[in-house]
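Reading through the structure tokens given below for one structure.
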Amino acid sequence: MHKKALIITGGSKGIGFASIQIFAENGWDCINISRQLCTHPGTINFNCDLRSEDWEQTIDFPKLLAHYQQIALVHNAACCMNDSMVNLESTQLRQTLELNIIAANRLNQQVIPHLKDSSAILYIGSTLSEKAVPNTASYTISKHAIVGMMRATCQDLIGTGIHTGCICPGITDTEMLRQRVNNDANILNQLAQLQSMNRLIDPREIAEVIYFCANHPVINGSVIHSHLGQREN
């Protein structure tokens, strides 16, 4: 049987959880790597902190991936801190980069040797992958970097049959967003008005884009903005 697997970081909630739902509905095995367990039935969970020094040692990647013919590796886990270039401490920048960038590279090194033709490596960026807003310095830096990582992935895997892309969501109704604004309904409404359809994006909408990209090599090397059309002031 042509066995397929989704490997995703940060799959316990938000876009990650929605992605597991959609891939599972389409017959894929789903493997979540995150600090919290994904509660979707059938998910294979590896509970670990992607910032720790030795998290890779908790997973036997050769055994885990040996029987899959198609793998979609989705780098979704990220943190977003409230910081500014005026006072950004290097320690805080390192913490953000460790999760948003370094963890993706560490996971690539474990998984790429096991990827076969038609597999995909997908990175989750942001509208802030190609612009900036105030007080998101470390996040913006990391999301610009994730585009560079995707483009390097594309070039270095030419000829392997493995494709890559960077999906850049707009303002999505996730736990991370709500925590950032303290679940303030007025702020959430203001953010919704920044998008042309006057609403926040549902995580499942982004998950559907991720699923499409996993199955369509034509997107190889592409930055795919998924933001409902944003108002530019």
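The values are calculated or read from the model by the stated rules, or taken from the named source; none is laboratory data. If you're wondering where the values come from, they're calculated on a predicted model, not measured in any experiment. Glycine also receives a Cβ, built like all others from the backbone with ideal geometry; neighbour counts cover every protein chain displayed.
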- Query: Restricting the search to the stretch 100-117, which residues are aliphatic (A, V, I, L, M) and either under 24 Å from residue 62 (Cβ atoms) or without any contact (Cβ under 8 Å) to a residue 24 or more places away in the chain (or both)?
  - Reply: 102, 103, 104, 107, 111, 112, 115
- Taking residue 120 and the conditions (1) more than 27 Å from residue 63 (Cα to Cα); (2) in contact (Cβ under 8 Å) with a residue 24 or more places away in the chain, which numbered condition does it fall short on, given that it satisfies the others? (1)
- Which one of these is free of Cβ contacts under 8 Å to residues at least 24 places away in the same chain and either among the polar types (S, T, N, Q) or under 19 Å from residue 127 (Cβ atoms) (or both): 228, 191, 200? 191
- Top-ranked residue in the stretch 168-191 [being under 17 Å from residue 100 (Cβ atoms) and among the hydrophobic types (A, V, I, L, M, F, W, C); ranked as modelled with the highest pLDDT]: 168
- Only helices (runs of 4 or more DSSP H) wholly contained in the stretch 89-208 count here; list those with 1 or more residues that are among the acidic types (Asp, Glu) and more than 14 Å from the chain's Cα centre (by Cα). 137-156, 175-180
- Could you please give the count of residues in the stretch 192-212 that are surrounded by 15 or more Cβ atoms within 10 Å (Cβ to Cβ) and either of a type in the set (Ser, Thr, Tyr) or modelled with pLDDT under 90 (or both)? 5
- Item | Exclusive hit being surrounded by fewer than 17 Cβ atoms within 10 Å (Cβ to Cβ), out of contact with any Lys or Arg (no Cβ under 7 Å at 6 or more places or on another chain) and farther than 23 Å from residue 150 by Cα, set 189, 215 | 189
- Message: Tell me whether the stretch 146-162 contains one or more residues that are under 23 Å from residue 93 (Cα atoms), crowded, with 21+ Cβ neighbours inside 10 Å and modelled with pLDDT under 85.
- Response: no
- Query: Restricting to the stretch 222-233, what's the tally of residues that are in a loop (DSSP other than H, G, I, E, B) and either surrounded by 16 or more Cβ atoms within 10 Å (Cβ to Cβ) or under 14 Å from the mean Cα position of the chain (by Cα) (or both)?
  - Reply: 2
